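A short worksheet on the structure shown next.
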């Protein structure tokens with residue numbers, strides 16, 4: 001009963017505290033989202049390089065597994081799996097645009113796969129000889 005009386009008697013102070021906490025959470029969330037998006041960009045690029053095309057669910061699992069331990073604690077409390085998946089898809093969309101525009105990044109992603117393909121072809125051609 002004392003708590004209710006305190007809230008009724010000091011409703012303006014309680015409202016101020018609630019608004020301040022909401023503002024802190026909002027700005028921490030907003031500020032950290034840009035950092036998280038940069039980390040996701042790097043992780044989706046690495047997943048694409050490691051796993052190649054056609055392995056979407058594996059790449060998603062790899063990115064989620066890599067990003068979740070790195071998230072700030074305040075974000076972990078407020079980010080659902082659905083939100084995190086949406087952020088990963090947004091980062092992937094932005095990354096794909098950059099991969100098409102930047103030949104160096106495209107070469108970085110295709111590098112190991114292309115060299116493995118070339119190595120396999122050279123082994124087959126040397127067996128044929």
Would you pick out the residues in the range 47-56 that are in a loop (DSSP other than H, G, I, E, B) and either touching a residue at least 24 places away in the same chain (Cβ under 8 Å) or within 17 Å of residue 72 (Cα to Cα) (or both)?
-> 52
Name the one entry in 123, 44 that is modelled with pLDDT of 85 or more, over 30 Å from residue 22 (Cβ atoms) and either assigned to a helix (DSSP H, G or I) or touching a strand residue (DSSP E or B) at 6+ places or on another chain (Cβ under 8 Å) (or both).
-> 44
Could you list, in sequence order, the residues of the range 55-93 that are crowded, with 17+ Cβ neighbours inside 10 Å and farther than 24 Å from residue 23 by Cα?
-> 59, 60, 62, 63, 67, 88, 91, 92
Return only the number of the condition from (1) at pLDDT 80 or above; (2) surrounded by 11 or more Cβ atoms within 10 Å (Cβ to Cβ); (3) under 29 Å from residue 111 (Cα atoms) that residue 52 does not satisfy.
-> (1)
Within the range 61-78, the count of residues that are over 12 Å from the mean Cα position of the chain (by Cα) and not in a helix (DSSP H, G or I) comes to 1
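The values are calculated or read from the model by the stated rules, or taken from the named source; none is laboratory data. Note that this is a predicted model, so its numbers are computed, not measured. When we count neighbours, we look across all protein chains shown, and the Cβ atoms used for this are built from the backbone with ideal geometry, even at glycine.
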